[in-house]
Amino acid sequence: MADRLSARAAIAVVTDDFTELPYPERTSAPDGPLGWPGYDAARARAAERTGERESVICGTAVVEGTRAVVVAFEFGFLGGSLGERTGDRLEAAYVHARAHRLPVVPLVATGGSRMQEGMLALTQLQRVARESALTRQAGLPQIAVVRDPTTGGGWATLGAGADVVLALPDAQVGFAGSRVRPADADPAAYTARAQVAAGAADALVRPEDLRETLGRWLRLLTRPATAPAPPPHALGAAGPPAAGWDAVRRARAPERPRAAAYLDAYFTDRVTLSGDRCGGTDPDGMLCGFGEHEGRTVAYAAQTGTATRPAGYRTAARLVRLADRLGIPVLTLVDTPGAANDAEAERQGVGAAIADLFGAVAAARTPVTTLVVGEGGSGGALALAAPGNTWVTPDSYFSVIAPELAAAILKRPPDAVRTTADQLRVRPQDLVALGVVRGVVGPAGAGAPPG
């Protein structure tokens with residue numbers, strides 16, 4: 001699908017059985033609310049050129065088996081700009097979505113608000129934002145597809161404001177359109193690729209893959225459940241470690257199974273949520289998304305064994321809040337030596353990011369299940385752990401601080417690290433005895449852990 005397809009062509013690429021919704025009728029003064037000379041003539045030319053009466057088309061459709069409300073922008077109609085009539089159509093579409101419990105899929109291609117309607121056009125952004133907020137409160141997902149171009153208020157509401165943002169690879173995406181940005185601005189910063197790299201969009205999707213990808217997202221996000229996700233089976237060592245330092249060495253072993261292996265074994269299908277919506281990503285430290293486990297949807301946030309960056313914690317908090325709003329259980333995998341503690345992490349607000357994740361997990365109404373699959377290093381690991389429903393594998397440990405650092409703080413010699421590890425009681429069986437975790441999971445075939 002080319003990025004500049006018409007609205008109806010874009011709808012046809014990703015949906016079946018599209019039925020247009022009835023639109024509210026609005027009468028306006030000649031040349032619009034501002035009496036802008038030539039405005040009526042410009043609209044007439046746009047209508048003749050595109051066959052549309054407005055810059056957005058709204059209706060219901062089926063996307064790979066899931067019915068949704070689809071709103072598609074027609075860039076050929078005055079640059080896909082938003083005016084009062086556009087706002088009428090968008091509001092009606094969101095109201096219909098809530099009334100019929102349907103997800104919303106904006107296919108966005110817009111240059112922003114319509115100058116010929118002045119501030120009355122700009123205030124449509126507030127109107128759209130309210131409808132989007134009401135739809136979020138209703139527990140309905142919004143998955144945006146940003147086409148070429150997506151700029152201005154359309155990007156700042158329907159695009160970037162969606163729960164999930166999928167972007168066509170060659171699309172121009174940014175708040176500032178090409179005619180209003182600084183002359184010396186780097187054009188690469190205003191692209192879909194740049195928005196994904198900055199954590200403002202979740203993924204680049206090739207046109208030929210868009211229907212399938214959108215269908216997977218819709219299927220996974222529209223299946224709420226009330227039962228907690230069961231913890232995965234252990235993939236590594238089966239027996240308990242003999243001593244505290246043995247537990248630490250096992251968890252740090254390069255050959256130990258990591259998050260990707262656990263996710264692949266647990267889910268039959270999964271999609272990735274990426275970015276903290278604050279300018280950052282942590283693809284090497286935190287994996288987030290939604291997957292299918294035994295026929296139902298489970299959200300996941302998984303540390304990968306590295307020091308977690310602030311953007312990783314913020315992405316995980318975003319994941320937990322979205323799953324909570326949609327009524328989807330959450331699985332978290334703990335595996336980090338601790339939070340990143342370099343100067344850049346401090347500048348990026350690592351403490352606030354950890355606090356935000358603690359708050360998201362604590363406030364979640366949907367059940368959260370945690371499995372410690374490797375290192376559980378201090379508060380940077382605990383922030384991802386579910387109070388009262390955390391499990392451990394035989395090749396993991398959890399500690400208030402790394403044994404080496406504890407020995408250093410206590411001014412003990414290096415050869416006292418092993419003894420310190422024992423005193424910290426970091427072994428899986430110690431954690432069970434202390435009541436910190438519910439139990440130690442076994443390998444597949446060993447039976448499920450108790451409920």
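The values are calculated or read from the model by the stated rules, or taken from the named source; none is laboratory data. These figures come from a predicted structure and were not determined experimentally. Here Cβ is always computed from backbone atoms with ideal geometry, including for glycine, and neighbour counts include all displayed protein chains.
Just to be sure I understand, how many residues within the range 387-423 are surrounded by fewer than 24 Cβ atoms within 10 Å (Cβ to Cβ) and in a loop (DSSP other than H, G, I, E, B)?
11
Given the condition among the basic types (Lys, Arg), assigned to a helix (DSSP H, G or I) and out of contact with any Asp or Glu (no Cβ under 6 Å at 6 or more places or on another chain), answer yes or no: does some residue in the range 41-48 qualify? Show your work before the answer.
Of the range 41-48, the ones among the basic types (Lys, Arg) are 43, 45.
Cutting the leftovers down to assigned to a helix (DSSP H, G or I) gives us 43, 45.
Remaining after also requiring out of contact with any Asp or Glu (no Cβ under 6 Å at 6 or more places or on another chain): 43, 45.
Looking for residues that are among the basic types (Lys, Arg), assigned to a helix (DSSP H, G or I) and out of contact with any Asp or Glu (no Cβ under 6 Å at 6 or more places or on another chain), one finds at least one in the range 41-48, hence yes.
Being in contact (Cβ under 8 Å) with a residue 60 or more places away in the chain and either touching a Lys or Arg at 6+ places or on another chain (Cβ under 6 Å) or surrounded by fewer than 23 Cβ atoms within 10 Å (Cβ to Cβ) (or both) is the requirement here; does Gly65 meet it? Steps first, please.
Numbers: in contact (Cβ under 8 Å) with a residue 60 or more places away in the chain: yes; either touching a Lys or Arg at 6+ places or on another chain (Cβ under 6 Å) or surrounded by fewer than 23 Cβ atoms within 10 Å (Cβ to Cβ) (or both): yes.
When the stated conditions are applied, Gly65 passes them.
For the condition of a type outside the set (Lys, Arg), touching a Ser or Thr at 6+ places or on another chain (Cβ under 6 Å) and not in a loop (DSSP other than H, G, I, E, B), what is the one hit in Thr370, Thr297, Thr315? Let's see the steps before the verdict.
On the way: Thr297 fails: touching a Ser or Thr at 6+ places or on another chain (Cβ under 6 Å); Thr315 fails: touching a Ser or Thr at 6+ places or on another chain (Cβ under 6 Å).
Of the residues listed, the single one that is of a type outside the set (Lys, Arg), touching a Ser or Thr at 6+ places or on another chain (Cβ under 6 Å) and not in a loop (DSSP other than H, G, I, E, B) is Thr370.
Take the residues in the range 151-169 that are out of contact with any Asp or Glu (no Cβ under 7 Å at 6 or more places or on another chain) and aliphatic (A, V, I, L, M), then tell me which one is nearest to Val14 (Cα to Cα). So that I can check it myself, show each step before the final result.
Filtering the range 151-169 down to residues out of contact with any Asp or Glu (no Cβ under 7 Å at 6 or more places or on another chain) leaves 151-163, 167, 169.
After this cut, where a residue has to be aliphatic (A, V, I, L, M) as well, the list is 156, 158, 160, 162, 167.
Details: Ala156: 23, Leu158: 18, Ala160: 20, Ala162: 18, Ala167: 14 Å.
Applying the filter and picking the extreme gives Ala167.
Does the range 334-353 contain any residue that is surrounded by fewer than 24 Cβ atoms within 10 Å (Cβ to Cβ), in contact with a Ser or Thr (Cβ under 9 Å, 6 or more places away or on another chain) and part of a strand (DSSP E or B)?
Yes: the range 334-353 contains one or more residues that are surrounded by fewer than 24 Cβ atoms within 10 Å (Cβ to Cβ), in contact with a Ser or Thr (Cβ under 9 Å, 6 or more places away or on another chain) and part of a strand (DSSP E or B).
Pairs, please: C-beta under 7 Å, at least 6 apart or cross-chain, first residue at positive phi and in the range 26-53, second assigned to a helix (DSSP H, G or I) and of a type in the set (S, T, N, Q)?
Gly32/Gln116
Please return the ranges of helices (runs of 4 or more DSSP H) entirely within the range 189-293 where 3 or more residues are more than 30 Å from Leu424 (Cα to Cα) and not assigned by TED's automatic domain parsing to the domain that holds Val372. Please lay out each step first, then the result.
Values: elements: 192-197, 210-221, 244-252, 259-266.
Correct list: 192-197, 210-221.
Mind listing whichever residues of the range 16-25 are crowded, with 16+ Cβ neighbours inside 10 Å and in contact (Cβ under 8 Å) with a residue 60 or more places away in the chain? Full working, then the answer.
We begin by selecting, within the range 16-25, every residue crowded, with 16+ Cβ neighbours inside 10 Å; these are 18, 21, 23.
The answer is Leu21, Tyr23.
What are the pairs, 6+ residues apart or on separate chains, where a residue within the range 265-288 that is of a type in the set (Val, Ile, Thr) has its Cβ under 6 Å from a residue that is part of a loop (DSSP other than H, G, I, E, B)?
Partner pairs satisfying both residue conditions: Thr281/Gly199; Thr281/Ser274; Thr281/Gly275.
Return the only residue of Ala92, Ala72 being buried (at least 16 other Cβ atoms within 10 Å of the Cβ), within 19 Å of Ala109 (Cβ to Cβ) and modelled with pLDDT of 95 or more. Please lay out each step first, then the result.
Working: Ala92 fails: within 19 Å of Ala109 (Cβ to Cβ).
Selected residue: Ala72, the only one of Ala92, Ala72 that is buried (at least 16 other Cβ atoms within 10 Å of the Cβ), within 19 Å of Ala109 (Cβ to Cβ) and modelled with pLDDT of 95 or more.
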